[in-house]
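*Asks:* Handing you this structure, nothing more for now.
The values are calculated or read from the model by the stated rules, or taken from the named source; none is laboratory data. These numbers come from a predicted model, not from an experiment. Using ideal geometry, Cβ is built from the backbone for each residue, glycine included, and neighbour counts are taken over all protein chains shown. The accessibility values were calculated without ligands, DNA or RNA, using every heavy atom of the protein model including side chains. Shrake-Rupley method; radii C 1.70, N 1.55, O 1.52, S 1.80 Å.
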Amino acid sequence: MSAESTSGPHIPESGTTAMDRRGKGRRRKPPGTGRKALRVTAWTAAGVLVLGGAGVGYLYFKLNGNLKTVDINQMLGSDRPAKVDNGSENILVLGSDTRSGANKKLGGGADDGSARSDTAMIVHVYKGHKKAAVVSVPRDTLIDRPACTDAQGTSHSAATGVMFNSAYSTGGAACAVKTVEAMTGIRMDHYLEVDFSGFQKLIDDLGGVQVTTTKAIDDRESHLDLKAGTHTLDGRQALGLVRTRHGVGDGSDLGRIQLQQAFVKALIDQVKQVGVFTSPKKLYDLADTATKAVTTDSDLGSVNSLIDFANGLKSIGSKNMHMVTMPVQYDPSNANRVIVAKAKAKLVWTALKNDRPIPASATKGTATGQAKGVVTSS
């Protein structure tokens, strides 16, 4: 899928700081050492600012040039759920498993030119931006995909009983967003996509992520071999962990989701420990990697927009992030596939629409993996 790069980046004047532009009427507290979920972008942007002077304009220009964007609003038009003006936000986060380019040697499998959404999470940020709910969508879920148009303008007919991740491989980001919106009845305010090679380099630039495994994990397909114990995972190991499904538990996609959720929490806990503020070069390197690694919707398609977005999430830590899997049941006709448990899923979507916590009853008795507790934050 090709993505359109942003143009016309905002370039601050030499010697002008972000505080000068905001005015002097409001003072912000200095950054603390508390939880800083999803704060990588905010940190890296801060690194750009501290370099100061005439160089800031150049760095903003370069980082904006790294970003790839998709104009979801234009591609989907008005046939979408209405925006809910209650202070909350919904973000569709996808991990792309394309086998081409730099990802080929990381992902395994054939380089057939296709791309799939190996990881999909619907992130709901509650009003006040102090807590969030994350709903993982199993890639093997059989769904009805709506008709959609891809970034090249090619139309794709609706399909019934296809795997969820076929939406992305068929029509790219816009088709994935439209499918999620049709499935949930919730409008996605933003879209974020991270690919294999970008994810690996970002973890390496962060200095790795520490986790504890309660069991050994050995999966040749995802290039992962971990003994039970505490590990600081480098980028390749982290990528292997979020992709493994055969090395632990029952080998299901539901088990892999449990590992992904555990890793995300460990990553959030790790970010606050990285001393990037002491090194402008490290901040810039991290910013360069982060902006190259992601594809966003056009509303987030500039460094300034990403800073504002990340700053809005900085108070959310792993302890106030509720992570669940979309309620599903195994397909009676195919044990390798799952189907949506519609009544229970409706409880999830209704809660998020109304900016309320997801009730425990929504996931009780639904299909689950066998990898819970295998990975924990150290």
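*Asks:* Take the alpha carbon gyration tensor of region 173-217, find the square roots of its eigenvalues, order them as a ≥ b ≥ c, and report rounded if a/c is under 1.5; if not, report prolate when a/b exceeds b/c, else oblate.
*Replies:* Cα axes put region 173-217 in the prolate bin.
*Asks:* For the peptides 356-363, 80-87, what is the packing order when you average, over each peptide's residues, the other Cβ atoms within 10 Å and list the highest mean first?
*Replies:* Listed from highest to lowest mean packing, they are 356-363, 80-87.
*Asks:* Considering only C-alpha atoms, what is the centroid distance from region 307-352 to region 152-222, in Å?
*Replies:* 14 Å
*Asks:* Please compute the contact order of region 290-378 in relative form: average sequence separation of alpha-carbon pairs under 8 Å and at least six residues apart, divided by the residue count, as a percent.
*Replies:* Reported relative contact order: 20 percent.
*Asks:* With a sphere of radius 11 Å drawn around the Cβ of R337, what net charge do the other residues whose Cβ falls strictly inside it have (Lys, Arg +1; Asp, Glu -1)?
*Replies:* Once all neighbours under 11 Å are counted, the net charge is -2.
*Asks:* Let me make sure I get this right: for region 330-374, a, b and c are the square roots of the gyration tensor eigenvalues over alpha carbons, sorted descending. Under 1.5 in a/c it's rounded, otherwise prolate if a/b > b/c, else oblate. Which is it?
*Replies:* oblate
*Asks:* So between N86 and A360, what do we pick up on full extension, going 0.36 nm a residue minus the alpha carbon distance?
*Replies:* Length gained between N86 and A360: 96.3 nm.
*Asks:* If a/c stays under 1.5 just call it rounded; otherwise compare a/b with b/c (prolate if a/b is bigger, oblate if not). Do that for region 127-180, with a ≥ b ≥ c from the square roots of the Cα gyration tensor eigenvalues.
*Replies:* Verdict is oblate for region 127-180.
*Asks:* May I ask you to give the solvent-accessible area per residue for region 185-336, in square angstrom, as obtained with a 1.4 angstrom probe?
*Replies:* 39 Å²
*Asks:* How many percent of the accessible area of region 275-357 is carbon or sulfur, using a 1.4 Å probe?
*Replies:* Here it works out to 54 percent.
*Asks:* Based on C-alpha coordinates, I'd like the Rg and Dmax of region 114-209, in Å.
*Replies:* That works out to 15.0, 45 Å for Rg and Dmax.
*Asks:* Pop out the carbon and sulfur fraction of the accessible area of region 121-202 as a percent, whole number, probe 1.4 Å.
*Replies:* Exposed carbon and sulfur together represent 52 percent of the surface.
*Asks:* Moving on to the next point. Could you give the C-alpha radius of gyration of region 209-340 expressed as a fraction of 2.2 N^0.38 Å, taking N as the number of residues it contains?
*Replies:* 1.26
*Asks:* Would you please state which residues of region 121-161 a label at N320 would reach in this model, taking the label point 7 Å out along Cα→Cβ and a backbone N cut-off of under 19 Å?
*Replies:* 123-135
*Asks:* A further question follows. Give the cross-link partners of K319 among the aspartates and glutamates, using a straight C-alpha distance below 13 Å as the criterion and excluding same-chain residues fewer than 8 apart.
*Replies:* Candidates past the 8-residue exclusion: D269.
*Asks:* Taking only the alpha-carbon atoms of region 271-378, what semi-axes of the equivalent ellipsoid follow from 5 times the gyration tensor eigenvalues under a square root, in whole Å, largest first?
*Replies:* 36, 18, 16
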